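Undergrad: Supplied in structure tokens, the structure appears directly below.
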Amino acid sequence: IWASNGKDAIKIIEREEIHLILIDFFLPDICGLDLMDKIRGKGITAPIVMITGNGNEKIAADAFKKGVIDYIVKGEDNINELGNRFSSYIHFASWISNVKDLSDDFDHLCKKRDALSILTKILECSAGGAKKSHILYRANLNSVTIKKYIWYAIKNGYLQWRRKGREGIFFTTMKGMELISKVNKLREILI
């Protein structure tokens, strides 16, 4: 689905089920970063890729802080590399879409006593970057449970996914690192 400006993009995103969003930094009516804020403000959690005509490290850093999964400078990548990148985005968006279906009952799951421990373990495993398979192994949980927790962590800003190969890498965000620290302090008090 295509939109030529931010206003139309918001309308489309509100009425359609979108699994992946590509945003140009320079739109006729809004800056791409501001559009990201509006999209997230509406509770839309689809992965976002920022595209720009001129590479700028500050803009790239701001985009990653706001949660983009990739930042593409037009003209820098060859067509094969772009194909690989888009293939990995589609794979990730498909995986996230399946996770959304599983996460409906996650609120109930979070009420269980060990939910915070599991979430903390996943964030600790991802602190330096980790593939989903590595998190599965280290957290010693089944695939369905891991998907629910990873989706919860991404949705709440504790974890980010970055493209690297087909599977991608999960990274714990600053917010996630703060949660780990708070949980560890709480454990010290309780023990």
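The values are calculated or read from the model by the stated rules, or taken from the named source; none is laboratory data. Note that the coordinates shown come from a computational prediction; the quantities given were computed from them, not determined experimentally. Cβ coordinates were reconstructed from backbone atoms using ideal geometry, including for glycine residues, and neighbour counts include every protein chain displayed.
Undergrad: Could you list all residues from the stretch 121-146 that are crowded, with 19+ Cβ neighbours inside 10 Å and of a type in the set (Ser, Thr, Tyr)?
TA: 126
Undergrad: A further question follows. State whether the residues of the stretch 69-89 include one that is touching a residue at least 60 places away in the same chain (Cβ under 8 Å), polar (S, T, N, Q) and not in a loop (DSSP other than H, G, I, E, B).
TA: yes
Undergrad: Write out, first by first residue and then by second, each pair whose Cβ atoms fall under 6 Å of each other, whose residues are 6+ apart or on separate chains, and whose first residue, in the stretch 130-150, is charged (D, E, K, R) while the second is assigned to a helix (DSSP H, G or I).
TA: These pairs meet every condition: 138/125; 147/99; 147/102; 148/102; 148/103; 148/106.
Undergrad: Just need a number here: residues in the stretch 43-64 that are touching a residue at least 12 places away in the same chain (Cβ under 8 Å) and more than 16 Å from the chain's Cα centre (by Cα).
TA: Counting residues in the stretch 43-64 that are touching a residue at least 12 places away in the same chain (Cβ under 8 Å) and more than 16 Å from the chain's Cα centre (by Cα) gives 6.
Undergrad: Out of all the residues in the stretch 169-191, which are surrounded by 20 or more Cβ atoms within 10 Å (Cβ to Cβ) and small (Gly, Ala, Ser)?
TA: The answer is 176, and nothing else.
Undergrad: Out of all the residues in the stretch 5-17, is one or more polar (S, T, N, Q) and modelled with pLDDT of 85 or more?
TA: Yes, that holds for at least one residue.
Undergrad: Within the bounds of the stretch 6-23, is there any residue that is in contact with a helix residue (DSSP H, G or I) (Cβ under 6 Å, 6 or more places away or on another chain), assigned to a loop (DSSP other than H, G, I, E, B) and either of a type outside the set (Lys, Arg) or buried (at least 16 other Cβ atoms within 10 Å of the Cβ) (or both)?
TA: yes
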